[in-house]
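In what follows, a structure is listed as structure tokens, so that the remarks can point back to it.
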Amino acid sequence: MRIFSLFFFLSLALSARGVDLNYETVRAEIFGPVCADCHSQPGASADLDLTQYASLMASQVVVPFSPDESLLIQKV
């Protein structure tokens with residue numbers, strides 16, 4: 001539920017600024033300030049590369065449509 005709220009309010013804020021909501025925007029706004037230093041390249045910390053959507057989904061820390069089962073949600 002926390003991540004849904006986070007994405008919801010982020011989408012409202014970015015929409016108000018006229019920004020398209022896509023993975024690059026989410027990555028920059030959510031992951032960038034805190035997570036990018038350690039999770040920004042192949043071989044990244046915990047083998048979690050947040051630079052691309054495909055890498056994030058391949059890591060299995062996100063369970064589509066099941067936020068309660070997603071490790072990323074628990075960590076954010």
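The values are calculated or read from the model by the stated rules, or taken from the named source; none is laboratory data. Bear in mind the structure is a predicted one, so any value in this text is a computation, not a measurement. With ideal geometry, Cβ positions are generated from the backbone for all residues, glycine too; neighbour counts draw on all protein chains shown.
Summary table
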{"read-out": "Set Ser59, Ser45: member being surrounded by fewer than 17 Cβ atoms within 10 Å (Cβ to Cβ) and within 17 Å of Val76 (Cβ to Cβ)", "value": "Ser45"}
{"read-out": "Pick from the range 6-54, criterion hydroxyl-bearing (Ser, Thr, Tyr) and assigned to a helix (DSSP H, G or I), ranking: modelled with the lowest pLDDT", "value": "Ser15"}
